[in-house]
Amino acid sequence: MAAKIIVFGSVNGKLELAFQKLATLHQKQSFAFAIVTGDLFSVDQDQESLSRLLDGKIQVPLSTYFTVGTTPLPEKVVERVEKDEDVCENLHFLGKRSVTNTSDGIRIVALGGALNTTIDGGPSKEQHLPWHTADDAKILRGANSTDILLTACWPSGVWTDTSKQLTPENQATIANTDEIADLCSTLKPRYHFAAAPSEFFFEREPFFHPAATIDADVLVTRFISLAPFGNAAKAKAMYAFNITPGELATAVPPGSTVSPFHSKSNPKKRRAPTDDQPDHSTNGYDHHGGRRMRRKKERSPPGPDQCFFCLSNTQVDTHMICGIGEHAYITTAKGPLPSPEMFASAGLSFPGHQLVIPLPHEPTFRSMGQDAGKTYQEMVRFREAMQAMVSAQSKYKLGAVTFEISRQSGIHLHWQFIPLPAELIRKGLVAAGFQVEAENRQYPRFEEAALGSGVDESSDYFRLWIWSDDNDAGIQSEEWVMRFDSTMRFDLQFGRKVMAKLLGLEDRFSWRVVTQSIADETRDAEKFKEAFKPWDFTLA
């Protein structure tokens, strides 16, 4: 069923006038919800008007979503959003970096604020400040797709290859970035809204994203920038449209152009997410937490915004992230198997238990489609860099084991990386340990095989990499695979339990028993990042 939506340009503190207008229009049109682009509040916000809004004296007639623009939110509003409360009845803050699924089945990806180029790396932590980092935009690419993209800045070059011309004066006022262009190119939203910085309205011709295959879906984006509400020039400041969840264009609309971002080098592409229902136990432990959704009529399967391994989850533990690439990222493990002191005598002052997580929200490489190859290659690059770091830091005393569980019924593929004494590897005890445990559980036998990205694997499997370098005999590297039927009950803690036995850490095999404080997690992540710097290709 189609949802009718209305979008406002920057309200800039004209709260009473804007919501009165919205009430009048809603009474006639019966909108599903409203969106405010740009700034809802102003720099010199009238405190009386703000108090009336917060006290419910200015009524918001229907669910209305907004993000932070380029102006800081008023302190009283910040106090409420930091408590994860609505600003007032029907007024919902999307957060600065977020993925939201409305009760109408419409997905909104929001990235508020202007790009802050003074931050060296990492996502921003404060959701209410009017700036974002390049990594914030990169993280949201992991959302894979969206119906509506809402940004404070414009995508650079969106005004090219179009008959809808901007005046030089208007173009000069536009804050635009390549990061937003990459985000739009990746998510391929059906609508992309960004507020106009001055009194003008801009609606580009629809543009289509060239398909990777001849039978792929037609994906069309409409970019619209609304003038500020109540502007003196009477430029268009409101836009209403109908959208049906899940509906795709059957043909390219007349007058459309190819995407203005298509000619950019190394375009970022993402496949739409599957409809598999997330099973939080799939990942073995709760790493990131979830996000409370509003206006739900019934519980729907969580998507990337609630996935423990998706960076688009607004509750992501950013203090544990150690590096973000183009297609994957690494983070420290919550409740690490080794303690921070475990390998101190070998030169490692942190646990070294890391996760390598792809940005696409997919359960297997096979389900990633065209993204599988480049995602796998970057994950391998992270794994090999960490192997080299562990070996060098320990002066070849430590090797590493990396394992993967690939199940079609899973949620979000990831690898676990754990250091261990290289001597165990050289003696063949690691491979033997996994094989014996599999036999004891009457699991299928392990086979030594190189799967690559695994895109050709139709079965579920457990994969294991064993690696060491003794500097004299050289590198010893093995890859073992256990294939199993999807109906087999496979213990998701299998890899961790075997490693716990090999390391004599049976008392730590449950991550919940050894969870750390945020201070300790932050300390371990910072120590890892410092040691990893010479091998961290994401810093280049």
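The values are calculated or read from the model by the stated rules, or taken from the named source; none is laboratory data. No experiment lies behind these values; they were computed from the predicted model shown. Positions of Cβ are generated from backbone atoms using ideal geometry, with glycine treated the same way; all protein chains shown enter the neighbour counts. For the accessible areas, the whole protein counts, side chains as well, though only heavy atoms, and no ligand, DNA or RNA atoms are used. Shrake-Rupley method; radii C 1.70, N 1.55, O 1.52, S 1.80 Å.
Quick notes on this one:
- Qualifying positions in region 111-127 - surrounded by fewer than 20 Cβ atoms within 10 Å (Cβ to Cβ) and not acidic (D, E): A114, N116, T117, T118, I119, G121, G122, S124, K125
- Residues located in region 304-358, provided they are among the β-branched types (V, I, T) and not in a loop (DSSP other than H, G, I, E, B): T318, I321, I324, I330, T331, T332, V356, I357
- Candidates K533, K527, filtered to the one that is over 20 Å from Q408 (Cα atoms), in a helix (DSSP H, G or I) and in contact (Cβ under 8 Å) with a residue 24 or more places away in the chain: K527
- Taking region 1-87 and the helices (runs of 4 or more DSSP H) fully enclosed by it, the elements with 1 or more residues that are open to solvent by less than 10 Å² (accessible area, probe 1.4 Å) and in contact with a strand residue (DSSP E or B) (Cβ under 7 Å, 6 or more places away or on another chain) are at 15-29, 47-54.
- For region 404-446, the set of residues classified as farther than 26 Å from Q393 by Cα and over 34 Å from the mean Cα position of the chain (by Cα) consists of A432, Q435, V436, E437, A438, E439, N440, R441, Q442, Y443, P444, R445, listed by residue number.
- Meets criteria (surrounded by fewer than 19 Cβ atoms within 10 Å (Cβ to Cβ), modelled with pLDDT under 90 and either under 27 Å from P351 (Cα atoms) or within 34 Å of the chain's Cα centre (by Cα) (or both)) for D491: no
- The condition of being open to solvent by less than 60 Å² (accessible area, probe 1.4 Å), in a loop (DSSP other than H, G, I, E, B) and closer than 26 Å to T71 by Cβ holds for only one of P228, P245, P197, that being P228.
- Residue match in region 495-508 (condition: under 34 Å from the mean Cα position of the chain (by Cα), modelled with pLDDT under 95 and exposed (fewer than 12 other Cβ atoms within 10 Å of the Cβ)): yes
- Contact annotation: residue pairs with Cβ atoms under 8 Å, 6 or more positions apart or on different chains, pairing a residue in region 454-472 that is touching a residue at least 40 places away in the same chain (Cβ under 8 Å) with a partner that is open to solvent by 50 Å² or more (accessible area, probe 1.4 Å) and of a type in the set (D, E), are D460/D485.
- One residue stands out among those in region 352-379 that are open to solvent by 10 Å² or more (accessible area, probe 1.4 Å) and touching a strand residue (DSSP E or B) at 6+ places or on another chain (Cβ under 9 Å): the one that is farthest from R407 (Cα to Cα), which is E378.
- Scope region 503-519; condition part of a helix (DSSP H, G or I) and in contact with a Pro (Cβ under 9 Å, 6 or more places away or on another chain); matching residues: R508, W511, V514
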